Amino acid sequence: MQSNFPEHPPAVVISGIEPAVDGGRYPVKRVVGEPLEVWATVFKDGHDLISVVLLWRREEKGEWSEVPMRDLGNDRWGGEFTPDREGLYEYTVAAWPDREGTWLDEFRKKTAAGEGDLAVEREEGAIWLREASLRARQAGDVVAARDMMQMAMLLPTLDPAEALELMEGEGARALARRWGDRRLLTVPEQAHPLLVESRLAGFSAWYEFFPRNARGDGKTPATLRECTRVLHHAKALGFDVVYLPPVHPIGLSFRKGKNNATTCEPGDIGSPWAIGGEAGGHRDIDPALGTMEDFRGFVEEARALGLETAMDFALQCSPDHPWVREHPEWFHHRPDGSIKYAENPPKKYQDIYPLHFHNANWRGLWQEILDTLLFWCGQGVRVFRVDNPHTKPVAMWEWVLREVRRKFPEAVFLSEAFTRPAMMRHLAKIGFSQSYSYFTWRTGKEELQQYVRELEEWPVRQYMRANFWPNTPDILAYELWNAPPAKFGIRATLAATLMPNWGIYSGYEFVENKPLPPKEEYLDSEKYQLRERDLSAPGITVHISALNAVRRAQPALQERGRVVFGETGHEQVMAYARVGPEGDRLLVVVTLDAENAVECMVTPPLDALGVAPGESFAVEDLLTGETWTWQGGGNYVKLDPTERVAHVFRIVQ
């Protein structure tokens, strides 16, 4: 990038450019239409004024766009721009001694002090006007060149007051900004990266279901063509992403039986994560679900309803996968020559072979992974839930995700990495759009509040977007074991209102709560068998639909970094404000007790809500339409889980 600018010793000091992830090693993240605010410390020796601009461009797209930065005081400068397209960008800060501004500032002071006719100073102004005119003419701006040459001729003939009036005019100042002397321009050698993603990456509600169980009778596997009723169900609940577990052929060797039994009985359908069989591998559809044409039809039908299809991307193979025959070097081999199956002691997954990503032919494997993702993008998929990315090389993901986005910049990737914080955050840094989180196991008031604060810390929120899931096909958290509907409503409320991204696995809305002790897993899990499910059952469907409707209508629930907790004086009641970019203000009050009614005085975070102490204001519960008058202090709240588990108040003032 330095070759785009003149070579010279730096005339201005530029440091502390923010935001930056690991000093600019990894990209800051935004979505289309979301402003990027940039700050930097900029100064120079002496007393000259300086001009500071924010430069940005789509990566490798040539010309830079320029935005003037504001002087925030104490050598700190700020500016912003709003990207309008997905893709990889870069931004930096440039500065130079402001010769024209310095001249005007000094001329203004000398004029005010009555220091004579200032003939020399007026000639100095004329000199830089002539130089600026020449720059404009060389650039082809004939009108600007003419105007500045006329001012250069006029300036020496005026008295100081008239000269000052001329040069302080908006026309002269605009020309000076445009054609000023930038010969001492300073710009850092390294620009900072920015990943701009689709709106869906920043705000989404996910619904996961197994297409083979779309009939819901627990007996007959369904096809992709029979999923229409589930798509309409997800739409009615207000979700905008339907996420499918793997839809590829399932292996026969060591196929798992019901409840993860190692013995497969006749008719057992196996786990979709045991990918690969006679019908193909990662680029094929399980014949039991239909054809590739059926899959494309599913994606189109979902999109017609306003739903995006998320595809599970699991890099593992059944022993019957074509890769096992065609590329045995892509797998771990034991001393006896056998291929090592997956283990997480004491758990064993005999039906799955993990891949060896650092084998001698690793380039071939990595290319196959990239090509497979691009293949599914070609079938209309733009959203991927990546299975266990923390067990694969992060360098591979960084390369793969970048290459996919070169062709499909709107692609969204959800990282399913329930792992150590450092790995979870690093996967976000290298390019995953969203991340599964520890919300599933954060149940107490203090730990929930602390976790949200942790996710909203300055460096973390620049690159990591948590997606809150109360359950998954793998996880029925202890909190939900045999729990009543109110507990499911509580967890849904927290997930949907604390973060812009949330999701549920099907059955949650019907309060499916039977565990397989001692594991945090479902009894009769859909991972291994069909289950009965009545989509017309009530469950908590009304509550989930209402939550998603509020989310769509309220910008305050669509932004990150805007959660401020209030006081309740009760360990089982949480209260928090959500403030939107347009000034919309919400206050969520939710009980954590699914068994007992709770009463307390709620003190909202008044500063965040823009309410003065003692001030009266109206609140409207967006879930019910009820209204109350509150005071800017303590306010009585009662939540009975048999009636309601939360208020989502809109502040009306």
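Below, the figures for the structure above:
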| quantity | calculated |
| --- | --- |
| Search result, residues across region 515-530 that are of a type outside the set (S, T, Y), part of a loop (DSSP other than H, G, I, E, B) and surrounded by 17 or more Cβ atoms within 10 Å (Cβ to Cβ) | E526, K527, Q529, L530 |
| Region 178-209: number of residues that are surrounded by 22 or more Cβ atoms within 10 Å (Cβ to Cβ) and either among the acidic types (D, E) or over 28 Å from K29 (Cα atoms) (or both) | 4 |
| Pair list, Cβ < 6 Å and 6+ apart or interchain, from region 260-272 residues that are farther than 15 Å from S318 by Cβ to residues that are small (G, A, S) and part of a loop (DSSP other than H, G, I, E, B) | T263/G257; E265/G257 |
| R76 surrounded by 14 or more Cβ atoms within 10 Å (Cβ to Cβ), within 27 Å of the chain's Cα centre (by Cα), closer than 26 Å to W179 by Cα and not β-branched (V, I, T) | no |
| Answer residue from region 353-368, given it is open to solvent by less than 20 Å² (accessible area, probe 1.4 Å) and touching a strand residue (DSSP E or B) at 6+ places or on another chain (Cβ under 9 Å) and is farthest from D474 (Cα to Cα) among those | N359 |
| Residues that are aliphatic (A, V, I, L, M) and either assigned to a helix (DSSP H, G or I) or open to solvent by 10 Å² or more (accessible area, probe 1.4 Å) (or both), drawn from region 484-500 | A486, I490, A492, L494, A495, A496, L498 |
| Region 4-16 residues that are at negative phi and modelled with pLDDT under 80, paired with ones that are among the aromatic types (F, W, Y) and not in a helix (DSSP H, G or I) (beta carbon under 8 Å, 6 or more apart) | N4/W64 |
| The listed residue being under 25 Å from Y207 (Cα atoms), open to solvent by 50 Å² or more (accessible area, probe 1.4 Å) and of a type in the set (D, E), out of E410, E329, E343, E398 | E410 |
| Filter pass, A139 being open to solvent by 60 Å² or more (accessible area, probe 1.4 Å) and farther than 18 Å from G101 by Cβ | yes |
| Subset tally (residues that are assigned to a strand (DSSP E or B), in contact (Cβ under 8 Å) with a residue 60 or more places away in the chain and either in contact with a helix residue (DSSP H, G or I) (Cβ under 9 Å, 6 or more places away or on another chain) or basic (K, R) (or both)) for region 17-66 | 7 |
| Some residue of region 626-638 being of a type outside the set (D, E, K, R) and closer than 13 Å to T493 by Cβ | no |
| The one condition in (1) open to solvent by less than 40 Å² (accessible area, probe 1.4 Å); (2) among the basic types (K, R); (3) under 30 Å from F413 (Cβ atoms); (4) in contact (Cβ under 8 Å) with a residue 40 or more places away in the chain that R122 fails to fulfil | (3) |
| Residue list for region 634-653, restricted to those being among the aromatic types (F, W, Y) and surrounded by 14 or more Cβ atoms within 10 Å (Cβ to Cβ) | F649 |
| Checking N548 against (1) touching a residue at least 60 places away in the same chain (Cβ under 8 Å); (2) touching a helix residue (DSSP H, G or I) at 6+ places or on another chain (Cβ under 6 Å), the condition it does not meet | (2) |
| Filtered residues of region 413-423 (kept if open to solvent by 30 Å² or more (accessible area, probe 1.4 Å), outside any loop (DSSP other than H, G, I, E, B) and touching a helix residue (DSSP H, G or I) at 6+ places or on another chain (Cβ under 9 Å)) | P421, M423 |
| Tally, over region 221-253, of residues that are part of a loop (DSSP other than H, G, I, E, B), more than 27 Å from E520 (Cα to Cα) and of a type outside the set (D, E, K, R) | 5 |
| Leading residue by the ranking (farthest from the chain's Cα centre (by Cα)) among those in region 254-277 that are polar (S, T, N, Q) and assigned to a loop (DSSP other than H, G, I, E, B) | T263 |
| Members of region 138-167 that are assigned to a helix (DSSP H, G or I), of a type in the set (A, V, I, L, M) and over 15 Å from A126 (Cβ atoms) | V142, V143, A144, A161 |
| Region 201-212 residues that are on the phi < 0 side of the Ramachandran plot and at pLDDT below 95, paired with ones that are among the hydrophobic types (A, V, I, L, M, F, W, C) and buried (at least 24 other Cβ atoms within 10 Å of the Cβ) (beta carbon under 6 Å, 6 or more apart) | none |
| Sole exception among (1) farther than 22 Å from I504 by Cβ; (2) assigned to a loop (DSSP other than H, G, I, E, B); (3) charged (D, E, K, R) for R215, by number | (1) |
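Matching residues to (1) buried (at least 24 other Cβ atoms within 10 Å of the Cβ); (2) in contact with a helix residue (DSSP H, G or I) (Cβ under 6 Å, 6 or more places away or on another chain); (3) closer than 29 Å to G306 by Cα:
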residue: H233; (1), (2), (3): no, no, yes
residue: L237; (1), (2), (3): no, yes, yes
residue: D240; (1), (2), (3): no, no, yes
residue: P249; (1), (2), (3): yes, no, yes
residue: S253; (1), (2), (3): no, no, no
residue: T263; (1), (2), (3): no, no, no
residue: A274; (1), (2), (3): yes, no, no
residue: P287; (1), (2), (3): no, no, yes
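Per-residue answers, yes or no, for (1) in contact (Cβ under 8 Å) with a residue 12 or more places away in the chain; (2) closer than 27 Å to N467 by Cα; (3) open to solvent by 30 Å² or more (accessible area, probe 1.4 Å):
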site: T591; (1), (2), (3): yes, yes, no
site: A597; (1), (2), (3): yes, no, yes
site: P613; (1), (2), (3): yes, no, yes
site: D621; (1), (2), (3): yes, yes, no
site: G632; (1), (2), (3): yes, no, no
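The values are calculated or read from the model by the stated rules, or taken from the named source; none is laboratory data. Keep in mind the model is a prediction, meaning the values are calculated, not measured. Don't worry about glycine lacking a Cβ; one is built from the backbone with ideal geometry, like all the others, and counts go over all protein chains shown. For accessibility, only protein heavy atoms count, side chains too; no ligands or nucleic acids. Shrake-Rupley method; radii C 1.70, N 1.55, O 1.52, S 1.80 Å.
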